[in-house]
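See below for the structure under consideration.
The values are calculated or read from the model by the stated rules, or taken from the named source; none is laboratory data. Computed from a predicted model, the values in this text were never measured in an experiment. Positions of Cβ are backbone-derived with ideal geometry, glycine not excepted, and every protein chain shown enters the neighbour counts. Calculation scope for accessible area: heavy atoms of the full protein, side chains included, ligands and nucleic acids excluded. Shrake-Rupley method; radii C 1.70, N 1.55, O 1.52, S 1.80 Å.
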Amino acid sequence: MSVLTAPLPVSVSLPEKQVNRVRLDYRHDRLLQLVDECTDISQLKQIHARALRTTSSHDARGLFIQSRILHAWSLVDAEYTHRLFGQVTEPNVFMWNTLIRSFALSRDLKEEAISVFGTMLEEGKVEPDKHTFPFVLKACAYLFALEEGKQLHAMTFKLGFDRDIYVNNSLIHFYASCGLLKNARDVFERMSSRSVVSWNAMIGALVEHGEFDNSLQLFREMQESSKPDGYTLQSVLNACAGLGSLSLGMWTHLYILKNFEADVNDDVLVNSSLVEMYCKSGSLELAEKVFRRMPRHSVHSWNSMILGFAMHGQAEATMKYFSDMTTEGGLVPNSVTFVGVLSACNHRGMVDEGRKYFDMMIKDYKIDPQIEHYGCLVDLLARAGLIEEALDLVSNMSMKPDKIIWRCLLDACSKKNAGIELSMDMAVQILEFGGEECSGVYVLLSRVYASAQQWNEVGLIRNLMMERGIAKEPGCSSMEINGVSHEFFAGDTSHPQTNSIYQTLYEIDEKLDAAGYLPDVSQAPMVEDEACDDKRNTLRLHSERLAIAFGLLNRKNGVPIRVFKNLRVCNDCHQVTKLVSRLYNMEIIVRDRTRFHHFKDGLCSCDDYW
DNA sequence: TTAGGGTTAG
């Protein structure tokens, strides 16, 4: 039945005057009910038309109904909401808030949310209320509009909303999104009462900024006052994944199983986080177990498996999951799926497959490649020595290359001896971006010169770095033994077992020498003018090697050595780790920021990546 | 009388 033909019953027992009033009220209530129940735009249009005929914005009740209709439109179309708003002579605060929210939630009109708020203040007819702030702050968080957000914060004090829990939660999110973790924490600490969302916003912010230990500490504190929910668990699992700590991750899994009902235990996002945590902590078996036990799968959960296997260089399994997702799962892959598949190809140097999936994504699935997809393919081609083809691809991209892409190219140039001129071009492109990557660029450039035996230039770059105060990022590796994390920096002597570690390092070297190992001194170019043995010493003291020596000291039969390395794996370390896996008959698993490298019997699962 | 806060993976 059409909403316009719904019967309106009439009371016959009341006097004429009263009947009219009752009928009018009834129409209002009926309209409100219809707005609530409205499920599509054509219904909304009919209700709107009826409201225009039967209500007036000059009386409070009419304005109320129009507010609700404006609100209904605000969920559909921000620009149309703006037009409707323009026709209201005296919009109330609810209507202003509705318009601001509509812009804040829109795809690309978020700036309008802030500007409408400005107009609201300028006109001065209506004062913002406690609902206004979360909407504007959301837009500020998205746009990184730091100054505007800070002004809003000041205004909350002036208007007395500084104790409102919603406003404060929005402020935490806003500050964290702008990178001001300290301000976010200040807001959080000053809150007199907190909801589960407050805790989640703060824990999530810490995880987002890589402060995994602190986020877990806050999670512990949270349990004294609030019951965690699915959002909390996702953040906590992300923190475990970030730390790469399998024992902590397993503890969290057990905690979830023991403390939550099916609504959380069967939640597809919580389970996807579990899958990701297990993949990132090195246990693909447990990840698969969780995945198989999930009551239902989404594109997200399939992607977690695809990305997880890709991360481990298990390209065949990645592709099997890709194919099962479409057949068994009946789902359509999205752009993230293809990041997974392409990065598996990249990890294993599968050039033809990489090209095939890239084309499939565009032609069969009509997905426009994003910078990440180009990044995978460019890296794959460049590492395979197809630098011309990689450059062609870059020049045909619909967007400007980012510094990650230039960095991949420079990396490949430095390994494939692609020529000093070309490498310099790349370096200039990266340095134009500025930021933290600079030290890496200088190091790569010095490697280019080192492999060309141009030691003078290597020295010049080193001096340039010193003049410009650019410090080489220190390498750092960590390793977990019996649930305790041990951290090593390059040349570190602070570990309590340092003596034994160094003794083991020299034992390893003896074995390496006997096996004919030749150190790749171009990987230690910053000591180019010192004796060759010092270069070798620099290589020997790389954090990955310290961690592996420590792992060998504490090894257990049948248990692989697991190293978590923060920086890119150095090529010399890669060769050494391979040899150590053969000489000591040990399986070694090294995780860097984005990938796992499995070493066994002198081979690495992703040798083609190098 | 209306409504508001925290996430989507790479």
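Out of the residues in the range A:324-363 meeting the condition of being part of a loop (DSSP other than H, G, I, E, B) and open to solvent by 50 Å² or more (accessible area, probe 1.4 Å), tell me which one is nearest to DNA strand B (Cβ to nearest atom).
A:334
Given the criteria surrounded by fewer than 18 Cβ atoms within 10 Å (Cβ to Cβ), among the basic types (Lys, Arg) and within 30 Å of residue A:565 (Cβ to Cβ), does residue A:220 qualify?
The answer is yes for residue A:220.
Residue by residue through the range A:62-94, note down the ones that are farther than 17 Å from residue A:112 by Cβ and either open to solvent by 90 Å² or more (accessible area, probe 1.4 Å) or touching an Asp or Glu at 6+ places or on another chain (Cβ under 7 Å) (or both).
Once the filter is applied, which keeps residues that are farther than 17 Å from residue A:112 by Cβ and either open to solvent by 90 Å² or more (accessible area, probe 1.4 Å) or touching an Asp or Glu at 6+ places or on another chain (Cβ under 7 Å) (or both), the range A:62-94 yields A:64, A:87, A:89, A:90, A:93.
Considering only helices (runs of 4 or more DSSP H) fully contained in the range A:198-273, which possess at least 2 residues that are farther than 20 Å from residue A:297 by Cβ and β-branched (Val, Ile, Thr)?
A:230-243
Tell me, which residue of the range A:294-323 that is outside any loop (DSSP other than H, G, I, E, B) and over 29 Å from residue A:600 (Cα atoms) is farthest from DNA strand B (Cβ to nearest atom)?
By that ranking, first place goes to A:301.
Is it true that residue A:215 is closer than 29 Å to residue A:563 by Cα, crowded, with 23+ Cβ neighbours inside 10 Å and of a type in the set (Gly, Ala, Ser)?
Numbers: closer than 29 Å to residue A:563 by Cα: yes; crowded, with 23+ Cβ neighbours inside 10 Å: yes; of a type in the set (Gly, Ala, Ser): yes.
Answer is yes for this residue.
Out of the residues in the range A:274-285 meeting the condition of being in contact (Cβ under 8 Å) with a residue 12 or more places away in the chain and assigned to a helix (DSSP H, G or I), tell me which one is surrounded by the fewest Cβ atoms within 10 Å (Cβ to Cβ).
Selected residue: A:284.
Which pairs have Cβ atoms under 7 Å, sit 6 or more apart or on different chains, and link a residue in the range A:508-520 that is within 25 Å of residue A:450 (Cα to Cα) to one that is small (Gly, Ala, Ser)?
Sorted first by the residue in the range A:508-520, then by its partner, the list stays empty.
Please count how many residues of the range A:95-134 are open to solvent by less than 50 Å² (accessible area, probe 1.4 Å) and more than 29 Å from the chain's Cα centre (by Cα).
Total meeting the criteria: 12.
Across the range A:402-419, what is the number of residues that are open to solvent by less than 50 Å² (accessible area, probe 1.4 Å) and closer than 18 Å to residue A:445 by Cβ?
12
What single numbered condition from (1) closer than 22 Å to residue A:162 by Cα; (2) within 8 Å of DNA strand B (Cβ to nearest atom); (3) of a type outside the set (A, V, I, L, M, F, W, C); (4) surrounded by 16 or more Cβ atoms within 10 Å (Cβ to Cβ) fails to hold for residue A:226?
For residue A:226, the failing item is (2).
If we scan the range A:151-159, do we find a residue that is among the small types (Gly, Ala, Ser), part of a helix (DSSP H, G or I) and open to solvent by less than 10 Å² (accessible area, probe 1.4 Å)?
no
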